[in-house]
1. Return the distance in nm (one decimal) between the two label points of a simple spin-label model at Ala258 and Thr38, each offset 7 Å from Cα along Cα→Cβ.
2. Near the amide H of His22, under 5 Å away, which other amide H atoms are found, from residues 5 or more places off or on another chain, if H is placed in the peptide plane?
3. Show me the helices of the chain, taken as full DSSP H stretches, that run 24 Å or more along their long axis by Cα and average 1.0 or above in Kyte-Doolittle hydropathy.
4. Evaluate the relative contact order of the chain (contact order divided by residue number), counting alpha-carbon pairs under 8 angstrom at least 6 apart; express in whole percent.
5. Name the long-range amide H neighbours of Leu114: under 5 Å, sequence gap of 5 or more, or other chain; modelled H, no Pro or chain starts.
6. Amide H to amide H, which residues 5 or more places from His171 or on other chains are under 5 Å from it, using H placed in the peptide plane?
7. To the nearest Å, what is the center-to-center distance of the range 280-342 and the range 34-94, using C-alpha atoms only?
8. Need one number: nm distance between label points at Val90 and Leu340, each 7 Å from Cα along Cα→Cβ, rounded to one decimal.
Amino acid sequence: MNDAIQPDALSIHRTIVTLDTHIDIPWPTGPDPFQDGTRRVDLPKMIRGGLSAACFVAYVPQTGRTPAAEDAAYHRAIAMLDQINEMAAVDSPVVVRIANRADAIVAAKADGVLAIVPCVENGFAVGADLTRIAAFRARGAIYMTMTHNGHNALADSCNPRRDLGDREAEHGGLSALGRQAIGMMNRVGMLVDVAHTSRDTMVQAAEESRSPIVSTHSCVSALCDHSRNMTDWQLDVIRDVHGVIQITAVAAFLKPNARPEDVKVSDFADHIDYAVNRIGIDHVGISSDFDGGGWISDWRDASQSPNITIELMRRGYDRGALEKLWGANFLRVMRVAEGLSV
Ligand SMILES: [Zn+2]
């Protein structure tokens, strides 16, 4: 047996761009992100875990579909995005840069500073006013999920909110407004995120969007049948439009009815393997959904992020493959969206 030097997982992990594409921030207030605290993600945990970039998400919960509720959701999203942006002005030994373009994420890594990437979860906050999409992008948001749980004015969700009066499907996928919203997202260079959407919404968004769609936090149905996961044909659609699925660390998406403590990084890697085998290494990535429901027994918080790299290397993924999974694929799609914006 050849005892040549094996590539060191930790040294690779520390030198590549490592982007986690879905992390919830606390609202209205929470622990100081500059301190090591009770959250699964804060800046000290990112540094310890060699995580170079993180999508911080302004998530707005679904409520009744009134203009007043949509306005409130919009103002909450704006306030959350403002709070994310204000992190860059904090005087701290930990240097943070707000990154709203792919090149800025790469540059932050080269400069040894953390990249925080603003995002929006739930098109409910758009209401019927598409100029709000430009306002989100003006605050750096690089993607918006078309829905969360519950249908909204733009699109149908994979999880109808019966308690809010949702039927199984409302628009049959995208509404006319939702198609216009995607046009606006394309114009401002924002990615169309189909995590949480119905399957009809997803395939229609793939056709409608000029930039490749993404799912920033989903897993695969073949290994765990869940409404939030992607079927084989959905994975094929993502490949066909040159998009990306970011496998996520939500226990119930990884193993049927599982509790987080019963799920391991090896289960997470099984979903990576499946997606890579199905649609290729260029269309798969990594997310945690930390502080939004995601964590598993050996990826409990951002400080344990090297465990993902170690497991993937054990399975034969080399440096180039790890680079793609940990960010290069997502950055590629960001660049396409940026290039199409006017
Ligand atoms: Zn989500």
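1. 2.7
2. For His22, whose amide H was placed from the backbone, the distant partners under 5 Å are Cys55, Ser288, Asp289.
3. Helix filter hits for the chain: none.
4. Value for the chain: 19 percent.
5. Here the answer is Val95, Arg97, since their amide H atoms fall under 5 Å of that of Leu114.
6. Asp156
7. Value for the Cα centre distance between the two parts: 20 Å.
8. Taking the simple label geometry, Val90 and Leu340 are separated by 3.5 nm.
Every read-out reported here was derived from the displayed coordinates using simple, explicitly stated rules and does not represent laboratory data. Because the structure is predicted, anything quoted here is derived from the model rather than measured. Cβ coordinates were reconstructed from backbone atoms using ideal geometry, including for glycine residues, and neighbour counts include every protein chain displayed.
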